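Engineer: Please see the structure below; I have some questions.
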Amino acid sequence: MEITLALGGGGARGAAHLGVLRVLEREGFQVRAVAGTSIGSIVAALYAWQPTAASVAQIFQNIDQAKLYGWSALRDGPALLGTRGIQDFLRQYLDQKTFQDLRLPCAAVAVDLKSNREIILQEGSVIEAILGSIAIPGIFPPREHAPYLLVDGGVLDPVPVRAARALAPHLPVVAVSLMPPLDSPSTPIAIPSSLPKPLAEQIKRLHITQAVKIFADSIDIGQRQMTELRLLQDRPEVIIRPDVADINILDRVDVNHIALRGEVAAQQALPALRRAVSWQARALRTLQHGRKP
């Protein structure tokens with residue numbers, strides 16, 4: 001039962017991907033390729049490197065979430081938060097790794113500010129690709145990755161179905177979307193801080209901080225709309241939607257608790273997953289692929 005995965009963006013909600021991976025492995029599905037946007041690119045790369053979902057989950061459980069973000073944007077680039085903590089985390093596991101070093105075909109999706117288009121990264125440094133894919137505009141600094149200037153892939157492709165399909169054209173694409181439904185209330189971005197509470201409260205009241213939050217919330221609305229449009233256009237064979245709408249993308253979360261939500265959603269999707277890998281579905285995909293010019 002072979003599939004390819006498209007793991008969507010959503011910050012702290014990304015722990016739900018871990019639960020989805022656990023169910024897929026437990027039920028005998030074999031992931032042959034994986035693409036990710038934003039947090040999905042981190043999970044995708046680690047899963048393409050590590051042997052099992054359990055080993056990836058252990059990595060996430062060991063993260064000191066308080067050290068991931070910091071007020072170091074002046075050193076890192078034009079943004080509210082820096083990425084030094086994220087870079088330190090990634091270097092523990094993916095330092096010097098290229099996409100060619102990974103055990104599975106893998107891709108990270110970002111957006112290039114110079115050409116105004118989606119970029120699918122699947123060569124060269126894995127860490128550099130991830131840092132471009134997670135660069136939420138206004139929150140994290142854009143990433144220079146010659147010849148590109150990259151920001152978060154969710155700006156144009158929150159769930160990278162097209163990138164996943166390109167990695168394994170003959171396999172069904174299972175898309176995992178972490179974006180809330182269009183009709184659900186927004187979850188305002190809460191900027192994490194290790195500063196003393198009085199100072200943190202003062203920073204929150206700064207006009208620039210409030211402006212960045214309004215901008216980020218607007219980006220979230222656009223990503224929800226873009227998610228639905230891209231899923232309609234790119235038509236993955238299966239869509240899994242963990243219930244994570246209440247989670248702020250920068251929250252510090254209980255990884256196991258959020259992963260369980262991914263497990264629940266994957267369990268509910270099992271009938272669709274089994275239909276997608278049936279011999280009838282395989283025959284239809286082979287016929288359709290053969291008809292393409």
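Engineer: Checking Tyr47 against (1) surrounded by fewer than 24 Cβ atoms within 10 Å (Cβ to Cβ); (2) modelled with pLDDT of 95 or more; (3) not aliphatic (A, V, I, L, M), which single condition isn't satisfied?
Structural biologist: (1)
Engineer: Right, next: Being crowded, with 24+ Cβ neighbours inside 10 Å and not in a helix (DSSP H, G or I) is the filter; apply it to segment 2-19 and report the residue that is modelled with the lowest pLDDT.
Structural biologist: Selected residue: Gly10.
Engineer: Yes or no: segment 148-161 includes at least one residue that is open to solvent by less than 70 Å² (accessible area, probe 1.4 Å), in a helix (DSSP H, G or I) and aromatic (Phe, Trp, Tyr). Walk me through how you get there before you give the answer.
Structural biologist: Restricting attention to segment 148-161, the residues satisfying the condition of being open to solvent by less than 70 Å² (accessible area, probe 1.4 Å) are 148-161.
Narrowing further to those that are in a helix (DSSP H, G or I): 153-155, 161.
Right, trim to aromatic (Phe, Trp, Tyr) and you get none.
Looking for residues that are open to solvent by less than 70 Å² (accessible area, probe 1.4 Å), in a helix (DSSP H, G or I) and aromatic (Phe, Trp, Tyr), one finds none in segment 148-161, hence no.
Engineer: Hey, another quick one. I'm trying to understand the selection: among the residues of segment 224-245, which are in contact with a Leu (Cβ under 8 Å, 6 or more places away or on another chain) and among the hydrophobic types (A, V, I, L, M, F, W, C)?
Structural biologist: The answer is Met226, Val238, Ile239, Val244.
Engineer: If Lys114 passes every condition in (1) under 30 Å from Ala211 (Cα atoms); (2) open to solvent by 70 Å² or more (accessible area, probe 1.4 Å); (3) assigned to a strand (DSSP E or B) but one, which one does it miss?
Structural biologist: That leaves (3) as the condition not met.
Engineer: Something else: Got a sec? Which of Leu171, Leu182 is touching a strand residue (DSSP E or B) at 6+ places or on another chain (Cβ under 7 Å), at pLDDT below 95 and assigned to a loop (DSSP other than H, G, I, E, B)?
Structural biologist: Result of the check over Leu171, Leu182: Leu171.
Engineer: Where the second residue is of a type in the set (Ser, Thr, Tyr) and surrounded by 22 or more Cβ atoms within 10 Å (Cβ to Cβ) and the first is touching a residue at least 12 places away in the same chain (Cβ under 8 Å) and lies in segment 241-269, which pairs have Cβ atoms under 7 Å and are six or more apart or on separate chains?
Structural biologist: Pairs found: Arg241/Ser177; Leu250/Tyr69.
Engineer: What helices (runs of 4 or more DSSP H), lying completely within segment 27-103, carry at least 3 residues that are more than 17 Å from the chain's Cα centre (by Cα)?
Structural biologist: Where helices (runs of 4 or more DSSP H) fall fully within segment 27-103 and carry at least 3 residues being more than 17 Å from the chain's Cα centre (by Cα), they are 53-61, 73-76, 84-94.
Engineer: While we're here: Can Gly85 be described as without any contact (Cβ under 8 Å) to a residue 40 or more places away in the chain, among the small types (Gly, Ala, Ser) and open to solvent by 10 Å² or more (accessible area, probe 1.4 Å)?
Structural biologist: For Gly85, the condition - without any contact (Cβ under 8 Å) to a residue 40 or more places away in the chain, among the small types (Gly, Ala, Ser) and open to solvent by 10 Å² or more (accessible area, probe 1.4 Å) - is met.
Engineer: Same structure again: From the list Gln96, Gln65, exactly one residue is open to solvent by 60 Å² or more (accessible area, probe 1.4 Å) and out of contact with any Phe, Trp or Tyr (no Cβ under 6 Å at 6 or more places or on another chain). Which is it?
Structural biologist: Gln96
Engineer: For segment 117-134, what are the residues that are assigned to a helix (DSSP H, G or I) and under 20 Å from Gly8 (Cβ atoms)? Talk me through it step by step, then tell me what you get.
Structural biologist: Of the residues in segment 117-134, the ones assigned to a helix (DSSP H, G or I) are 126-133.
Residues satisfying the conditions are Val126, Ala129, Ile130, Leu131, Gly132, Ser133.
Engineer: Looking only at residues in segment 127-142 that are in contact with a strand residue (DSSP E or B) (Cβ under 7 Å, 6 or more places away or on another chain) and without any contact (Cβ under 8 Å) to a residue 60 or more places away in the chain, which one is most open to solvent (accessible area, probe 1.4 Å)?
Structural biologist: Glu128
Engineer: Going by the structure shown, is Gly36 surrounded by 18 or more Cβ atoms within 10 Å (Cβ to Cβ) and either of a type in the set (A, V, I, L, M) or at pLDDT below 95 (or both)?
Structural biologist: no
The values are calculated or read from the model by the stated rules, or taken from the named source; none is laboratory data. Being a predicted model, the structure only gives us computed values, none of them experimental. Here the Cβ is made from the backbone with ideal geometry for all residues, glycine too, and neighbour counts use every protein chain on show. Ligands, DNA and RNA are excluded from the accessible area calculation, which covers all protein heavy atoms including side chains. Shrake-Rupley method; radii C 1.70, N 1.55, O 1.52, S 1.80 Å.
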